[in-house]
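Asks: Handing you a structure now.
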Amino acid sequence: MSLVWHVLAHRPRGKRRIKAALAYHVYQSEQLAEARRASTGLIEALFQTFLANPNLLPANYLEESAGEPPHRQVCDYIAGMTDRYLIRHLRTDEARLNKTAQLLPRIGV
């Protein structure tokens, strides 16, 4: 941590300025907004793909969640994915999930 950061972070006005700068330049940046839009579209496409083709879900997962409605099965399966798993899954299953694989370049994968 730099000396300037250390000094500013320990002053009330400095903390507010740092938070405002981070909010404007990082959290609300157009680059992050685009990444959010792309990942939301990817998850939506993946949801629709699995809902239309439940056979793409692992057989053991379908057995474990057999009492749940299809939309709940799909939602819970996607919710359990880490980002890395999702990306690896899409890369290795591009042929099966061609619809969602098209979105990979949009999120920089």
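The values are calculated or read from the model by the stated rules, or taken from the named source; none is laboratory data. It should be emphasised that the depicted structure is a prediction, and the values quoted were computed from it without experimental measurement. Here the Cβ positions follow ideal geometry from the backbone for every residue, glycine too, while neighbour counts run over all protein chains shown.
Asks: Looking at (1) at pLDDT below 85; (2) part of a helix (DSSP H, G or I); (3) exposed (fewer than 14 other Cβ atoms within 10 Å of the Cβ); (4) not aromatic (F, W, Y), which is the only condition L42 fails?
Replies: Against the list (1) at pLDDT below 85; (2) part of a helix (DSSP H, G or I); (3) exposed (fewer than 14 other Cβ atoms within 10 Å of the Cβ); (4) not aromatic (F, W, Y), L42 comes up short only on (3).
Asks: Which residue pairs have Cβ atoms closer than 7 Å, lie 6 or more positions apart in sequence or on different chains, and pair a first residue in the range 59-78 that is within 14 Å of L46 (Cα to Cα) and in contact (Cβ under 8 Å) with a residue 12 or more places away in the chain with a second residue that is polar (S, T, N, Q) and assigned to a loop (DSSP other than H, G, I, E, B)?
Replies: Q73/S65
Yes/no per residue for (1) at pLDDT below 75; (2) assigned to a helix (DSSP H, G or I); (3) not β-branched (V, I, T):
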{"residue": "G67", "(1), (2), (3)": "no, no, yes"}
{"residue": "H71", "(1), (2), (3)": "no, yes, yes"}
{"residue": "I87", "(1), (2), (3)": "no, yes, no"}
{"residue": "P105", "(1), (2), (3)": "yes, yes, yes"}
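Asks: Next question, about the same structure. When the range 53-63 is examined, which residues are found to be assigned to a helix (DSSP H, G or I) and surrounded by 12 or more Cβ atoms within 10 Å (Cβ to Cβ)? Working first, answer last.
Replies: From the range 53-63, those assigned to a helix (DSSP H, G or I) are 54-56, 59-63; that's our starting set.
Residues satisfying the conditions are P54, L56, Y61, L62.
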